[in-house]
Amino acid sequence: MENYITDDSLKHIKLEMQAGVVGIAVTRVYIKDTGNYKKLFDSEPGAGGHISETKVGVNRLLENDILKVNTYMDLSNLTPQQRQKAIANIYIMYTLSGGVEGDKNFEVDPLEIDTTDPLRVLITKKLKFV
Amino acid sequence: MRFFLLVFCLCFSTITFSQTGNNNNNNNNVDLDDLEVPDNPAFILLDKAPQTIQRPNSSRALGVSLLHDIVSEGTLNNMAIEVTPFWMTKHPNITALKFYGIDKDLKQYPFSKLKLASVSMAYIKDKDSIINASFGVRATVFELKRESDVKDYYASYSKIESNIFSGLDCIDNYGNTNPEPEEEDYTSRNLYAIALQAYRVARTAYVQQCEKGKGVDRDTYSTNMQEIINRKPAIAVDLAIAYNHRFIDNAFNSNGFGRFGVWSTTAVSLFLDKDQTSHNYVNIYGFLRYLHEKNNIVTGASIDPFNAYDVGVKAEVEFQKLSVGYEYINRSGDLEGYRSAGTIRYQVLDDIFITGSFGNNFQKQDDVISLFGIQWGFNNLLQSIGVPSPTN
């Protein structure tokens, strides 16, 4: 799992996510400290799954936590011929800021794309704060 | 020569497809979905397409066109590929709304279809050992949708967004009782991938059932959205440009500029029924074209270069899978003539078309066009059957 280095400060860590997908997409962000993932927030309606820069917590409290970002995309608005190409062209850039590493970008790994549902695609990114 | 051109075409398709990334390697194959009827600019430039006046279809990343000829030796005479670069690169700022050409406030972006411009190349062996290599580009430069279509699209979009959030709730429910495999718990990435896939299959089955329980009917909303995106725009203007290079007597050195053309098609589509619930249309097209040609060898004798200006109209009635049309194009300038052709196209299955045309095709001699083809294959010659008819 990719990670992001925090420090001992009370400065906020922020997440920004740029989603470049032609399907109808929404995004939900979670945090896990102990136990299950807890929902933090969703993308705005009509935003195409894009998350503008949003606070996810403070440095000191996030150490060892895991941030999970689920982007769920429906392919109904594409022709059957376009759907596979749309999956191949998924672009998502996650950017964390506010920690020791400053702005750090994370891209989608092919293994993070779930295509088992013929009508939907789920992209799950997990990032560990260390 | 043919070998050289085929290799070039295949290399081009390989290069462009290599840009699609490795998210899904299966996407790099040419399959039935990639086949198109031969109506790309590279064919149209040489008057080899069944219909001259038509609208582009940029739904596929790679289209492969095979025209009717399978000559006596069993080799293909005419073929073309058409690629849509949009589908071969990533687009950081694209969204479903932008892809459709609107924003959240339902404002239309009439030039948004420019991004789906396509590039085509064709290999056409003509009579008298003339080989034509053609290159073309086309795009919808302007598209105006009906206000009702835009509203319907956004309503359907919003409904689907809401349904996806319901799906995310189901995913959360499943995850709360069935934790997702973590890579750190596996000794190799392969083992992790296998476990993850099994988990995903089970989760997907759960989510589909869970959504049903929440009243989400995927078939209904998906069918509704498909109906909306398949509606023709009220007005569309397409632009195409194509260039043809000729090789004479199968010799590479005896090559030269053949033909250049630029043309525009304006299409107005009207629903046949007042309720606009069917996909039956009357389509009216206006057509303008400029042609410049050199080394026009018809019967072994060279003809002086010419400039020609084409003005045409086409009326077409479209009933679901069947479309029947008539096009008339008047040619003026250094050449005079006309193309008067009836066209027919029937979609047998999703990617199997019967397409053809019959009529007069500009020239004073050999001027009867008669093209009829059934198209459903690429790599195996037996998959494509041509039914050429006598030309005079």
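The values are calculated or read from the model by the stated rules, or taken from the named source; none is laboratory data. The structure presented is a predicted model; accordingly, all values stated were derived computationally and were not measured. Glycine gets a Cβ as well: all are built from the backbone with ideal geometry, and neighbour counts include every protein chain shown. Surface areas here come from the heavy atoms of the whole protein model, side chains and all, with no ligands, DNA or RNA. Shrake-Rupley method; radii C 1.70, N 1.55, O 1.52, S 1.80 Å.
Data for the structure
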read-out	value
Pairs where the first residue, in region B:151-180, is more than 7 Å from chain A (Cβ to nearest Cβ) and closer than 18 Å to residue A:47 by Cβ and the second is open to solvent by 50 Å² or more (accessible area, probe 1.4 Å) and not in a helix (DSSP H, G or I), C-beta under 6 Å, 6+ apart	B:154/B:106; B:166/B:214
Qualifying residue in region B:216-224 (condition: under 35 Å from the mean Cα position of the chain (by Cα), at pLDDT 90 or above, over 30 Å from residue A:24 (Cα atoms) and surrounded by 13 or more Cβ atoms within 10 Å (Cβ to Cβ))	no
Matching residues in region B:308-333 - criterion: being under 20 Å from the mean Cα position of the chain (by Cα) and either open to solvent by 80 Å² or more (accessible area, probe 1.4 Å) or not assigned by TED's automatic domain parsing to the domain that holds residue B:230 (or both)	B:319, B:320, B:321
Every residue from region A:13-68 that is surrounded by fewer than 18 Cβ atoms within 10 Å (Cβ to Cβ), of a type in the set (Val, Ile, Thr) and either assigned to a loop (DSSP other than H, G, I, E, B) or in contact with a Phe, Trp or Tyr (Cβ under 9 Å, 6 or more places away or on another chain) (or both)	A:31, A:34, A:54, A:66
Exclusive hit being more than 28 Å from residue B:211 (Cα to Cα), open to solvent by 20 Å² or more (accessible area, probe 1.4 Å), within 13 Å of chain A (Cβ to nearest Cβ) and under 25 Å from the mean Cα position of the chain (by Cα), set B:110, B:85	B:85
Count of residues meeting criterion [out of contact with any helix residue (DSSP H, G or I) (no Cβ under 9 Å at 6 or more places or on another chain), without any contact (Cβ under 8 Å) to a residue 24 or more places away in the chain and over 20 Å from residue B:93 (Cα atoms)] in region A:2-46	5
Residue A:71 among the hydroxyl-bearing types (Ser, Thr, Tyr), closer than 30 Å to residue B:154 by Cα, more than 9 Å from every other protein chain (Cβ to nearest Cβ) and touching a residue at least 12 places away in the same chain (Cβ under 8 Å)	yes
Subset of region A:81-130 (residues that are among the charged types (D, E, K, R), part of a strand (DSSP E or B), farther than 29 Å from residue B:163 by Cβ and in contact (Cβ under 8 Å) with a residue 24 or more places away in the chain)	A:104, A:128
Residue in region B:248-261 that is under 30 Å from residue A:83 (Cα atoms), open to solvent by 60 Å² or more (accessible area, probe 1.4 Å) and in contact with a Lys or Arg (Cβ under 8 Å, 6 or more places away or on another chain) present	no
Residue in region B:297-306 that is touching a strand residue (DSSP E or B) at 6+ places or on another chain (Cβ under 7 Å), of a type in the set (Phe, Trp, Tyr) and at pLDDT below 75 present	no
Residue list for region B:204-220, filter: more than 8 Å from chain A (Cβ to nearest Cβ) and assigned to a helix (DSSP H, G or I)	B:205, B:206, B:209, B:210, B:211, B:212, B:213, B:219, B:220
Condition met for residue B:197 (outside the structural domain of residue B:259 (by TED's automatic domain parsing) and surrounded by 13 or more Cβ atoms within 10 Å (Cβ to Cβ))	yes
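Residue-wise test of (1) open to solvent by 50 Å² or more (accessible area, probe 1.4 Å); (2) within 28 Å of residue B:291 (Cα to Cα); (3) in contact with a His (Cβ under 7 Å, 6 or more places away or on another chain).
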position: B:120; (1), (2), (3): no, yes, no
position: B:134; (1), (2), (3): no, yes, no
position: B:137; (1), (2), (3): yes, yes, no
position: B:145; (1), (2), (3): no, no, no
position: B:149; (1), (2), (3): no, no, no
position: B:153; (1), (2), (3): no, no, no
position: B:160; (1), (2), (3): no, no, no
